[in-house]
Amino acid sequence: ILTFVFILFLTMASACSSPVDEPSFSAAFSLCRLDWYSLIPAWLRHRQSGLQANGQYFMLEDSTFWIFGGSMHYFRVPKEYWRDRLLKMKACGLNTLTTYVPWNLHEPERGKFDFSGNLDLEAFVLMAAEIGLWVILRPGPYICSEIDLGGLPSWLLQDSGMRLRTTYKGFTEAVDLYFDHLMSRVVPLQYKHGGPIIAVQVENEYGSYNRDPAYMPYIKKALEDRGIVELLLTSDNKDGLQKGVMDGVLATINLQSQHELQLLTNFLLSVQRVQPKMVMEYWTGWFDSWGGPHNILDSSEVLKTVSAILDAGSSINLYMFHGGTNFGFINGAMHFHEYKSDVTSYDYDAVLTEAGDYTAKYFKLRGFFGSLSGVPLPPQPDLLPKTAYEPLRPNLYLSLWDALQYMEEPVNSEKPVNMENLPINNGNGQSFGYTLYETTIASSGILSGLVRDRGQVFVNTVSVGFLDYERKKIVIPLIQGYTRLRILVENRGRVNYGDNIDDQRKGLIGNIYLNDSPLKKFRIYSLDMKKSFFQRFSVDKWSPIPEEPMFPAFFLGALSISLSPFDTFMKLEVCSPLPAWVL
């Protein structure tokens, strides 16, 4: 084994020892066949200079290096499947994994960090190294990525003056504490410390936001001060590239079409001249929004654009190689002309499906990247077994109104309080799920107010309508005496891209009015739908489903599997978003 590794090391060192003057991509590869299928152990390699961007092409130590990357996010894929997906990435001919790091998931409460299970960043990076992949890390703090608030924690919004993605003190103090913890985990994984991380991205597409000229230098310094020594990158799309370039950091581009490629690479040449070109995000598909179509990008078009990118002398990262799933409520949203929340699936029409299966894109790209290498690609891993189980019919039921008695004590407040500012979760507010607002009224009339994102209105237990972005007023029917008014508000996802991320508070925003008079004295229940939330509802609290169940309600069913379980998907025969949990 030692002899074999040593021979690979010599092959890499000798194959690319001399620079070539302005070769085309194909010519460069005919002269410099990189064996990037095997990572050389740290003790066999002099790790001094790392990935360099000083000339026309990337250099890794003394060798020309082309980045053939693929994006996969550990937090969107069960840890049990990481190896399968990474082996498929390697077998496609890629040599580099890129991943974002979601602050909101790693620090759900101030100072309380979670890097366990599916959030085990270090295990993910080390597994990539074991399989033979380099890593480009994109730690944010803002990451976009169609995740709630672009990966920023919702508790930041407790500050009414918060200015996200700026040098506002309340924001930078939180970033500093987060980076103190995160970078202590990341620094040992860098290339110069024997790890696989060859580059680190500074923030994400800031040129499209560009609120504070001091912000990006602050983030760069924050990374460097905490021990980041590898190549630093920025990435921007066509809307932000011109304003996203910064001194001392390699600019890269995000795009989908060949037309964009020509425009953006020409701009890079004008500002970076002979530095390497890199498409940090070539969008292999696109994300989906509730109510919209499933976005599809033809595999032949993908192959043509990938080929054009490499012919332009650019390295590439496929965003996404494998999308995965927005588990729970972590999906983001867009709000330009109208609010649209992203779906739970992050399939993205990527190179691998959400289930990790091969696609036409995979086979075409594998053939393409394989033609560029001097050695055979690793074999494709077999697909994981799947099965269709019998239909699952719920048999137990618990109405929301009956469930209230088992929940934690509600928050009593003179006025409505938005989710983020509820005095719960150790003072960190509520991040995801639903919030129920309850008060009493003595008359009918017009109910109005600002609801984010969707509020179902009940008089006692009877639904009388909805309030949302479009419907800002509804009629409350004639009632006698004091009646309980309830508004069940759903957070459908905070915007992850755009100028309005500072305005992403959820729930009832400000006063709610009946006939233009503000309502008072609210009882507010947090329905965050965490595991601990459902643990309050022991089986004895459920009852058989009645012929006419009272909604909203929880329904419980069990699936019995006698043999080893296989992968499967749940299909809900409903026409609107309906969350489901596996307990």
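Residues of the range 110-143 with the amide nitrogen closer than 19 Å to a label point 7 Å from the Cα of R211, along Cα-to-Cβ, please.
Within reach of a label on R211, which here means backbone N under 19 Å from a point 7 Å along Cα→Cβ, the range 110-143 contributes 140-143.
Within the range 62-86, list the residues whose amide N lies under 20 Å from a label point set 7 Å along Cα→Cβ of L126.
So the set is 73-86.
Hey, rough spin-label estimate for D180 and H337, points 7 angstrom out along Cα→Cβ, what's it come to in nanometres?
About 4.7 nm, to one decimal.
Arrange the peptides 137-147, 367-377 so that the one whose residues have, on average, the most other Cβ atoms within 10 Å appears first.
Peptide ranking by packing, descending: 137-147, 367-377.
Restricting to the chain, what percent of DSSP beta bridges are antiparallel, rounded to 5?
If I count the DSSP bridges inside the chain, around 65 percent turn out antiparallel.
What number comes out for the charge environment of Q535, summing +1 per Lys or Arg and -1 per Asp or Glu over other residues with Cβ under 13 Å away?
+2
Any idea what angle helix 299-311 forms with the longest principal axis of the chain, computed on alpha-carbon atoms, 0 to 90 degrees, nearest 10?
Its long axis makes an angle of about 50 degrees.
Give me the one-decimal nm value for the distance between modelled label points at M407 and R484, 7 Å along each residue's Cα-to-Cβ direction.
With each label point 7 Å from Cα toward Cβ, the separation is 1.1 nm.
For the range 371-470, state the semi-axes of the equivalent ellipsoid (square roots of 5 times the eigenvalues of the alpha-carbon gyration tensor), sorted largest first and rounded to whole angstrom.
That gives 46, 22, 17 Å for the three semi-axes.
Calculate how steeply helix 258-272 sits against the longest principal axis of the alpha-carbon atoms of the chain, using the helix alpha-carbon long axis, and give the answer as 0 to 90 degrees to the nearest 10.
Helix 258-272 and the main axis of the chain meet at about 70 degrees.
When all alpha-carbon pairs of the chain are counted, what percent fall beyond 35 Å?
43
In degrees from 0 to 90, rounded to the nearest 10, what is the angle of the helix 2-15 Cα long axis to the longest principal axis of the chain?
80
Convex hull volume of the Cα atoms in the range 502-583, per residue, in Å³?
248
How large is Rg over Rh for the range 435-480, taking Rg from the Cα atoms and Rh as the Kirkwood inverse mean of 1/r across Cα pairs?
When Rh is taken as the Kirkwood radius, the ratio is 0.93.
Calculate the translational D of the range 408-535 in whole µm² s⁻¹ from Stokes-Einstein, where the hydrodynamic radius comes from the Kirkwood formula applied to all Cα pairs, the temperature is 25 °C and the viscosity 0.890 mPa s.
Taking Rh from Cα pairs, D becomes 163 µm²/s.
Using Cβ contacts closer than 10 Å as the measure, can you line up L519, L149 from fewest to most?
Fewest-to-most Cβ neighbours within 10 Å comes out as L519, L149.
Find the centroid of the Cα atoms in the range 475-495 and in the range 347-392, then give the distance between the two in whole Å.
Cα centroid of the range 475-495 versus Cα centroid of the range 347-392: 47 Å apart.
What nm distance separates the two modelled labels at I424 and N500, each placed 7 Å from Cα along Cα→Cβ?
Calculated label separation equals 2.6 nm.
Return S116, S341 ranked ascending by Cβ neighbour count within 10 Å, so the fewest neighbours appear first.
So the ranking, lowest neighbour count to highest, is S116, S341.
Take every Cα pair under 8 Å in the chain that's 6+ residues apart, average their separations, divide by the length, and report that relative contact order as a whole percent.
That works out to 14 percent.
With N set to the number of residues, divide the alpha-carbon radius of gyration of the range 264-306 by 2.2 N^0.38 Å and report two decimals.
So the range 264-306 has a normalised radius of gyration of 1.63.
Values in this text are rule-based calculations from the coordinates and carry no lab data. Fair warning: this is a prediction, and the values are worked out from it, not measured in the lab. Don't worry about glycine lacking a Cβ; one is built from the backbone with ideal geometry, like all the others, and counts go over all protein chains shown.
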